[in-house]
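First up is the structure itself, then whatever we jot down about it.
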Amino acid sequence: MRAGYTRQDLLSDLIAGVTVGLVALPLLVILLVAAPLARFIPLATLAAILFVVAYNMSEWREVKTILKLSKADIIVWVMTFALTVLADLTVAVEIGMLFAALLYIYRVSQTTTVAPVTEEYIEDGRPHTLQDKLLPPYVLVLRIHGPFLFGATEKLSEATLNVDSLPPVVILRLRNMTAIDATGLHELEKLSERLRATGRTLRLCGARSQPEELLRQSTFLQSLGEENMLPHVEAALSRAREVFEGRVANPNVTKAIYQA
């Protein structure tokens, strides 16, 4: 099996290399022939071209989303943006990465808690446990354990790579997700969009205080739906049962996916 995958990867790399060569060769010819003519292009035209390129690269539509994040995230973004304009791109990236790393360390340290185990704590935790729950075949429960910050978000993409093989309802259990940042939030948004595009639905449950606060500050919860943000896995399974049994809208789509 591993050898088969290796041959497939080598073939893909070979095809990619040939494709790049076929594209690069005409560009090289154009560059060698037309480069001397570049001096005849008016500077005003070049300035307009650079302006359009910078406008398309700025992704200004994301600014609205960034401004709804925590103050620390906004400060890091503003500082990196300002250094890009006032200093140098390399300096801005270095300083931005440095402060992002410090922010990461701070958030991880804030997730550590020490508290006594009480009867109330045990009772509050019962709806979150899966040991006494029956998972129906039309539900997949995924759990995130630990901080879901930049550098770790690709694990969710790897776990849900083949969306077509997933059941109609996917529950993301956040009980043990201690922290999340803008990168993790963006990954959740991408997962929700991928599932929605194939007629599947996403449920979030058991979010702790920091992740829940960030989720509610963003626009993601609006697109996901407040009814799909559940307090614990017991409520999420009940909600999934309602969807599948047809007590909410579009039950036929869900059943069709499951039967396929």
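Which is of a type in the set (Gly, Ala, Ser), free of Cβ contacts under 8 Å to residues at least 24 places away in the same chain and more than 17 Å from Pro167 (Cα to Cα), of Ser218, Ser209?
Answer to the check: Ser209.
What are the pairs, 6+ residues apart or on separate chains, where a residue within region 180-194 that is without any contact (Cβ under 8 Å) to a residue 60 or more places away in the chain and in the same structural domain as Met229 (by TED's automatic domain parsing) has its Cβ under 6 Å from a residue that is β-branched (Val, Ile, Thr) and in a helix (DSSP H, G or I)?
Pairs that qualify, where the first residue is without any contact (Cβ under 8 Å) to a residue 60 or more places away in the chain and in the same structural domain as Met229 (by TED's automatic domain parsing) and the partner is β-branched (Val, Ile, Thr) and in a helix (DSSP H, G or I), are Arg194/Val163.
Would you check if Ile144 is more than 26 Å from Glu189 (Cβ to Cβ), at pLDDT 80 or above and surrounded by 14 or more Cβ atoms within 10 Å (Cβ to Cβ)?
Against the criterion (more than 26 Å from Glu189 (Cβ to Cβ), at pLDDT 80 or above and surrounded by 14 or more Cβ atoms within 10 Å (Cβ to Cβ)), Ile144 does not qualify.
Among the numbered criteria (1) of a type outside the set (Asp, Glu); (2) surrounded by fewer than 10 Cβ atoms within 10 Å (Cβ to Cβ); (3) modelled with pLDDT of 85 or more, which single criterion is violated by Val139?
With (1) of a type outside the set (Asp, Glu); (2) surrounded by fewer than 10 Cβ atoms within 10 Å (Cβ to Cβ); (3) modelled with pLDDT of 85 or more applied to Val139, the lone miss is (2).
Report whether or not Val63 is outside the structural domain of Arg200 (by TED's automatic domain parsing) and farther than 28 Å from Thr219 by Cα.
Against the criterion (outside the structural domain of Arg200 (by TED's automatic domain parsing) and farther than 28 Å from Thr219 by Cα), Val63 does not qualify.
Could you list all residues from region 206-260 that are part of a loop (DSSP other than H, G, I, E, B) and modelled with pLDDT under 85?
Ser218, Thr219, Gly246, Arg247, Val248, Ala249, Asn250, Ala260
Could you list, in sequence order, the residues of region 59-108 that are part of a helix (DSSP H, G or I), among the charged types (D, E, K, R) and surrounded by 11 or more Cβ atoms within 10 Å (Cβ to Cβ)?
Across region 59-108, the qualifying residues are Glu62, Asp73, Glu94, Arg107.
Here is a list: Val169, Val163. Which entry is within 25 Å of Ser238 (Cα to Cα) and in contact (Cβ under 8 Å) with a residue 60 or more places away in the chain?
Val169 is the lone residue from the list that is within 25 Å of Ser238 (Cα to Cα) and in contact (Cβ under 8 Å) with a residue 60 or more places away in the chain.
The values are calculated or read from the model by the stated rules, or taken from the named source; none is laboratory data. Here the structure is a predicted model, which means the values were calculated and not measured. Note that we place each Cβ from the backbone using ideal geometry, even for glycine, and neighbour counts take in every protein chain shown.
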